[in-house]
Structures are given as structure tokens and as C-alpha cells.
1. For the range 307-433, what are Rg and Dmax over the alpha carbons, in angstrom?
2. ILE377: net charge of surrounding residues, Cβ under 13 Å, Lys/Arg +1, Asp/Glu -1, itself excluded?
3. Count neighbours as other Cβ atoms within 10 Å of each site's Cβ, and list the GluC sites (Glu not before Pro) in the range 212-317 that are DSSP loop with at most 12 such neighbours.
4. Multiply the residue separation of VAL194 and ALA145 by 0.36 nm, subtract the distance between their alpha-carbon atoms, and state the gained length in nm to one decimal.
5. If you add up the charges near ALA127, with Lys and Arg at +1 and Asp and Glu at -1, over every other residue whose beta carbon is less than 12 angstrom from its beta carbon, what do you get?
6. Lys and Arg at +1, Asp and Glu at -1: add these up for the other residues within a Cβ distance under 14 Å of SER191 and post the number.
7. Which three numbers, in whole Å and largest first, are the semi-axes of the equivalent ellipsoid of the chain derived from its Cα gyration tensor as √(5λ)?
8. Kindly provide the trypsin sites (Lys or Arg not before Pro) of the range 340-418 that DSSP labels as loop, not H, G, I, E or B, and whose Cβ sees at most 15 other Cβ atoms within 10 Å.
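The values are calculated or read from the model by the stated rules, or taken from the named source; none is laboratory data. In this text, all values refer to a predicted model and were calculated from it rather than measured experimentally. Virtual Cβ from ideal backbone geometry, glycine too; neighbours counted across all protein chains shown. Remember, those area values only see protein heavy atoms, side chains included, never the ligands or the DNA or RNA. Shrake-Rupley method; radii C 1.70, N 1.55, O 1.52, S 1.80 Å.
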Amino acid sequence: ESGVMTANLSPREQDVSLNDTDVSPHRTRNPVVVLVVPAGSYRTADFVDAARSLRIDLVVASDGDTPMGDLGRSRSLLIDFTRPDWSVSRIVNIKPSPDAVIAADDLGVIVATRASNLLGLRANPVAAVESTRDKAHMRALLETANVAQPRYVLAGRGEVAMVAGDLGYPCVVKPRNLSASKGVIRIDNDSEAVAAEARVRAIVEDCGGDPEAKLLVEAFASGPEVAVEGMLVNGALTVLAILDKPDPLDGPYFEETMFVTPSRHDSATQREIAAVTESAASALGLVSGPIHAEVRCTHEGVVLIEVAARSIGGLCGRALTFGLLGESLESVILRSALDLPGPVLDRSRGATGVLMLAIPGAGVLEGITGVEEALDIGGITEYDQTIPNGTQLVPLPEGERYLGFLFASAATPDAVETSLRSAHAALDIQISP
């Protein structure tokens, strides 16, 4: 028994959901792709839509309830990220056998990679993906390969202020295995270092980690931060997009607020960004599939902050389209995973961007007004609220979510940025204590 559940299908649809031979005379069945996502992932619906357009049978493997009404003819499979062996076994035993297993979020990358390797599918080595989930191990591999990155030291209990003083302030202290800037804090002096260490260790413990584990302390890399969205094929990197982050990320917390592409950095800097990203992927042993990297453009050159073995998070991928038909990033990922023909890696022209609505403070979200006014601003294409009204909000560094996303497109990156800032100013976020 594979344990796969069918959602909202008639008996006839259930019979043909994995063996519908009417859709293509060139296939004995539709390709089967397993999408590994945590419950409540922002990405699920977009992957479901992309799979439907490509006539792919999608199995959503998740650790909790998914919005079944949004899955259409896709199926769901219950897994448990705290029991990776069991979860991998359930994916491997799906019938018919999956043609690809992909992860949309950090939490699922190791399970997806292990399942892919057991199934004999094209995938990264498990060790390479594991290195992206341990920031200290990643730093060590990058150092061995001489990839430009911030200086760093691991700090045991009570040692953050000491090692930060040795590195030289300002520094950044962070957990080894959390993502989305959770638990990442800038420190400028010894007193801030002591307070930040206590806070980060409490965050680690609250997430089920070991509060006594060593923390990563890095020299703060000053300069604009840029995101790189790429695709690896046989170890070679194709850059899908370089996304500027117009707002300075100088701390004390590092909540991302805006992405705009194409990048406004000069061509030489963009080539250096791509080269550092590819060198980092190679140093970690990544060879296949999407990657998302964060780099800083310092006065000494481009330095690598992080690499993830997955695509851009949240709903930010909606800011990217490909080919003349404007295919989604999710469609690109699915096509690449299955070696399907099409405009897999060709970016559509024009400037686009996304603004993430940061949580401004703790409390209960009462509502967001001004949405119609924001949507009336030229260039704004979409607004999505992703946290329901009535939800208790937790800002960074303890939190990791956004209130919603605004999207824009225009002729130039400057126009995109202007539209997003104007739309943001039109919104009124109402939070009660």
C-alpha cells in the first residue's frame, strides 16, 4: 500500500488519475512527480497549477493537512519530517513509480533527495543537500574551496561575545540549521552579543533544536544583498534571474522586503555574482535542480552568504516568468526535473518585482486595508494576503512568515520599485496588542 489519498475526485477520475492515456498519444501514462512540502506551504497551489498545465500527475507529500480543494486531481501523501526514513519509504513505494521527486521548501529537500537517490532518479548527492541545511558545514566546505565568504567562527555556550570581539564588530550570530532569517541577529558590541546569544539559543530550543549547540558567528558583510535564482544541469549553472534587494539589509534583523529583476548592477558585477554562486554550488557538491543563493556585493567583491538546494521561497517565484508564453518558475522546475522540452530557462523580458509584507510587530492581525488603492497603482499586478485575519503575529527574529505579497511589472526596474513602494504606502496594517 502506498498510502496515497485521492482528493475530491469522482470514482471515474480516481480510476484514471494516474493512467489517463487520452491526454497524449506519445505517453503510456502521464509523468508522476512527488512534491515534498510542509503543511501550509505557500508554494503548493502554484505547483499544482503548473503540473495541471503540463499534464503531470502530482502527488503532494506533506506532514499535515493541505487545502484539498486546491489540489484538483492531484493526490496527497502523509509524511512526517521527524521520521525521514519512514517518509522516504512511503514516497519510494508510490505506484506507479515517480518520475521525479522535488521539494519546494528547505524542510523537504533532504527527504526529496534521499527518495530520488533510492529511485535512481537524477538528483544531488544526499551529502551535498545536507550541507545546505547546516550553515557551519557549508562554511567549512566553502572555505576549503576558497569561495569568497564572510570570516566565521563557531561559538559554544557563553562564547559569542568573545569570538565576535576577535572577529571584530559588527558581526552576525545565527543558528546552524534554521532558514528564512529566523534567529539571525546583528551584534555591534559585547552587551548586544550576550543578549543575542541568549535570544538565539531560546529560538533554537523553541524550534526543537539543542540550545547548547554551537552558534555561527560571522563578520558582517557590508554592501547590497542580491539573490540568485539558478538551475543546475550536470553541475553547470544557468542563472534564471539575479534579483536586487533595494532595501538595505543592515540589521539588527534581516527580513527581506523586496526583490526586483533584472538586476541594476553592472555587467561585470553580475558575472562575478554568477561565478561565485556556481563556485559555491560546486564546492558543496550540488549538481542538479534549482538553487537559490544570497550574496553580498562588498567593496572587496562578491561574497557568498548562503546557498539552498531549492527555488526562491514564499510566493516570490510569481515575480519570474519564462519564455514567450510567460511560464511560471514552478513550470520551469517541473520541466527540468522531467527533461521535458520547452522554454525551460529563457527569462521573459521586462522588469518585475515582489514586495513581501513584513510583520511590523507582535499582536493579532485585525486586517489590512487600502488593498483596492494599492491595486489601482500603475504596474501593480497582484496582491495576496497569506496570513488570515485573527492570527497571532510573530515578527523576526522569532518569526519566519510574511503577511502577504505585492507583485509589479513595468518597463524598467526603477518603475517596478516605485510601484511597489507606492502600493505598500497605500496599505494600512491593523494589529491589536
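1. So, for the range 307-433, Rg and Dmax equal 16.6, 53 Å respectively.
2. Local charge sum for ILE377: -4.
3. Hits after loop and neighbour filter: GLU212, GLU300.
4. 14.4 nm
5. Summing Lys and Arg as +1 and Asp and Glu as -1 gives 0.
6. -2
7. 34, 26, 23
8. When the trypsin sites (Lys or Arg not before Pro) of the range 340-418 are filtered for loop state and at most 15 Cβ neighbours within 10 Å, ARG349 remain.
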